[in-house]
Each structure stands twice: as C-alpha cells, then as structure tokens.
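One structure is given here, and the rest of the page talks about it.
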Amino acid sequence: MPDQFSAVGMFLRKIVRRIVRIYYPTIHVSHSERLPKEGATLYIANHSNSLIDPVVIGITTNRPVRFLAKAPLFKTPVLGAIIKSIGMIPAYRGQDDNSSSSVRRNIESLNIAGENLAKGFPMGIFPEGKSHDMAHVEQVKTGAARIAHRAYELSGGNHPIWIVSLGLNFEEKTRFRSSIWVSVSEPVDATAWFAKHEGHEKQAMRDLTNTLDELIKSMVVHLDDARWEPLLNDLEWLAPVYQSEEKVALVANVQRRKNLADAINHFESHNPEKTEEITAKVAAHHEALDQAGIRISSPLLLQTGSALIWGQIAKIMRVMFGLPALIGTLVHLIPFLLVRVTAPRFQLNGKTTVSFYRLIFGLPYYGCWYLAVWFLLWYFVDYRIATLTVVLLPLLGVFSFHYWLNASEVIRSLREELKLIFDAKRLAKLREENQAIKKEIVVLANEFRTAFPDKFNA
C-alpha cells in the first residue's frame, strides 16, 4: 500500500524538514540502499535529541513516518496540534501517568501502531522510551517487537514487515550548522522472524528485542560503562588519528568518536586490568591539567619554541576583525534576545530539546525581524537597497555567530596558556605525562585497528 497522508500533514512535514536542514545542513547516511522505499516498515532509533530525532528519520527515509510520542506532548499548546496533524500516536508511559489505566492505554497505542504498520504505512518508535544526553543507549524496551507482532497477526504473514534500525549520531546537537551521521542496519523481516518462532511468541519478542538492542548499540556512540563518558573527550585528543579513518570528511569527528567508544567497550571486556590502569591515568592527567588551568586541547602540550609563538600570534589575528561581527550582532540583537527569553519557558530539562526550541522560536522571530527591516529600508531608502540588505543579513548573522564562538574560545585559550607558559617546570611535567599516556593508548589503538580493520578502511 502506498504511503498516504493528509495535505496539511504533508505540508507541515516539508516545512519542519526544511527548518531542520537549516540547523543541521549535513546529514550523511551510511548504507542508504538498505532503506525500503515502500511497504510495511518499522523504523527504530536511539533517542538523543528529542523532537529533532523523528524529523531526521523522516529526512533520511524520505517517507511520511508516523511516530509514537509521549502523551504529555499532545497537551502542549501549538506543539500538540502540530504533532496530531502529522499523525503521531500518543504513548502512555508509566513515568508520565501513574494511574492503573496507563498500561492499558499504552497497549492500545502499540496496537494502533501495529494496525497502521499492517496496512503498509511506515511507523517509527524510539524503543529506549526516553530522550537523554548520555553517550549510552538505554536497554531497548519491547514496544517495537510488540508493534511488529501485532502487524504480523493482522497481515496473516502474507507480506514482509521490515524493522530497520537507525543510528543517529550528532556531531554537536546544540551547535548551529553542525553535522549528523545516520547509520542504517540490515532490515529484519519480522514476518519471517515470527513465522520461524510460531507458538513461542513471547520468547520471539524477547529475542527480537535483544537483537534490536544490539543493532542500535552497534551503530551509535555507545559506552557500555557510563563512567567512561567524562573521559571520552579527553581520549579524542589523546588517541591517534588514522588517515584512512576519515571515511566521510564532514562527519569524520563523529565516526572517530564512535570508534573510540567501540574500542573502550572492547578493552573493557577483553583486557579490564589494562583498561582500569588507563582510566586512572587519564583521570589523573585531567585533574592535573585542571589544577594548572589548561585543557587537554591546549597547544602548550604539543607545541614548543617558534611553533608555539606563531600559534599564539595566529590566535590573536583570528579575533582582530571584530567590527563586522559587532555590527551583525547589534542588527540581530532583538530577535536573539527574544529567543533567549522565550525558549527556556518551554524547554524540557537537559540538552535534548535545545536545538528544537531554538528552531521553533528563532525562525518566526528572525523572519518577522527581516521583514520589518525590509519595510523600513523600503520606506526610507529604496526597495533595491532593502532587498539586498535582507539577503545579506542572514549571512552576516551566521558570520557573527561563528566569530563570537571562535573569539570566546581563543580568548579563553590565551588566558589559560599565558598563565602556564612561564611555568616551565610544571609545563614540562604535564607534557611528559601527556606523551606517556599517548604512547600507551597508541599501542591499544593499533591492537584495536588490527582486530577491526573495517572500522578504519575508507
């Protein structure tokens, strides 16, 4: 059955997708050929960026996917109407509603999703059951298997019901114009799965849930042990970079981060003693750097002599051209402040909704502001000047945004480094520690690379 949807729903989907593509211009999909173009398909994914995640899946699949979303969202003004119009189905979770009816209503929601899937409509669910900020996938719940089984029952096993796992990896989900890497698994045919386990449906659903759990974890930045998460950023600076590792330049950082997480998980299970030793050394080195007032990314740990001096000069040069950025900031100050004041009133806890609400409130505010600027310039100057100005203003805004991000980083870095650059003895000790840890990590990295060459070969 072909995908169908209301005209309003399709229009809203297109608008929202275009908006998200502005915030995340690079969405790279690995193994897009595995995505079914039609038919009954259940898409599952990790859930790290709240309401942005279903939009990314819609962009990736290029299909009008219906999702299960937590019930409280449907009561939210404006947002509730939007998600209803695009076909989302409320999911009644225990943490949202402690009443005895929540379980019954949740089963009803899963059945509705299964009925839609049986009709050939693409469905989506985030089987962790919640959105979070961790570099860790929570245990997948049984919802996806239940939906697939319901669809299997209704279809009579007459056609494939595909379950496709998607790994959503954000370079930096709160940063404007950052990248997303989406990894696509081999589809699982739920019809064949349940036919094979006829008469043992409960066990089949448990086994399917475990399989889906493993699939999702294999495609994202996932740490089996959460205590490694604070050290993951440090390891990105300490671990070697292999040329062949950069498979896709625009998302190379995300791919490398995943390789690091996979390596940590591997050595946690195969060489726990060495892993514990490295953990202690990295944590101690991090503490020493904190006490010295510098970060592990500081060039003081790598550069010496003229290279260090020229590096400092280059930093200063990067922040010298601040006048255009200042103009761009002042011109956009009113909509910027409006977003800052409005968005936190609706934003949920954590970072998972930051980018969504910046998009929701930012676009209409900035759009109205540009329109007002155009009318003012048209009235007092000329329509051609007005049009040219409004065309250039977004570019100036993007430049200003990136300038101040860069400037704040440079100023912070200079302030840190100038305090330590004249403490030669302490700096030498930190450099020695840094190099010693790097040598140990290189040995482990080479071992991991030999064991899993496919992770590094372009």
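Brief remarks follow.
- Evaluated against (1) surrounded by fewer than 17 Cβ atoms within 10 Å (Cβ to Cβ); (2) under 19 Å from the mean Cα position of the chain (by Cα); (3) of a type in the set (D, E, K, R), residue 281 falls short on exactly one condition, (2).
- Positions within the range 437-458 being surrounded by 12 or more Cβ atoms within 10 Å (Cβ to Cβ), in a helix (DSSP H, G or I) and not charged (D, E, K, R), in sequence order: 437, 441, 442, 444, 445, 446, 448
- Residue check, residue 198 among the charged types (D, E, K, R), farther than 18 Å from residue 171 by Cα, at pLDDT below 95 and exposed (fewer than 14 other Cβ atoms within 10 Å of the Cβ): yes
- Qualifying helices (runs of 4 or more DSSP H) (wholly inside the range 307-382; at least 1 residues being modelled with pLDDT under 80, of a type in the set (A, V, I, L, M, F, W, C) and not assigned by TED's automatic domain parsing to the domain that holds residue 176): 333-346, 354-380
- Of the helices (runs of 4 or more DSSP H) lying entirely inside the range 116-232, those carrying at least 3 residues that are closer than 30 Å to residue 278 by Cβ are 201-219.
- The residue of the range 298-307 that is surrounded by the most Cβ atoms within 10 Å (Cβ to Cβ), among those that are of a type in the set (A, V, I, L, M, F, W, C) and under 13 Å from residue 413 (Cα atoms), is 300.
- Residue check for residue 235: crowded, with 17+ Cβ neighbours inside 10 Å and assigned by TED's automatic domain parsing to the domain that holds residue 297: yes
- The combined condition, being among the acidic types (Asp, Glu) and crowded, with 20+ Cβ neighbours inside 10 Å, is not fulfilled by residue 115.
- Per-region count, the range 270-321, residues touching an Asp or Glu at 6+ places or on another chain (Cβ under 8 Å), under 22 Å from residue 223 (Cβ atoms) and of a type in the set (S, T, N, Q): 1
- Note on the range 137-174: residues that are under 29 Å from residue 256 (Cα atoms), in contact with a helix residue (DSSP H, G or I) (Cβ under 8 Å, 6 or more places away or on another chain) and without any contact (Cβ under 8 Å) to a residue 40 or more places away in the chain total 0.
- The range 402-419, subset buried (at least 18 other Cβ atoms within 10 Å of the Cβ) and not polar (S, T, N, Q), residue farthest from residue 310 (Cα to Cα): 403
- Where helices (runs of 4 or more DSSP H) sit wholly within the range 1-93, those with at least 3 residues that are surrounded by 19 or more Cβ atoms within 10 Å (Cβ to Cβ) occupy 7-23, 52-61.
- Residue that is modelled with the lowest pLDDT [pool: residues in the range 253-288 that are more than 11 Å from residue 235 (Cα to Cα) and of a type in the set (Ser, Thr, Tyr)]: 275
- Among the candidates 376, 418, the residue that is farther than 26 Å from residue 336 by Cα and free of Cβ contacts under 8 Å to residues at least 24 places away in the same chain is uniquely 418.
- Of the listed requirements (1) within 30 Å of residue 374 (Cα to Cα); (2) surrounded by 17 or more Cβ atoms within 10 Å (Cβ to Cβ); (3) modelled with pLDDT under 90, residue 295 misses just one: (1).
The values are calculated or read from the model by the stated rules, or taken from the named source; none is laboratory data. Keep in mind that what you see is a predicted model, and the values were worked out from it rather than measured. Quick reminder, even Gly has a Cβ in these numbers, built from the backbone with ideal geometry, and neighbours come from all protein chains shown.
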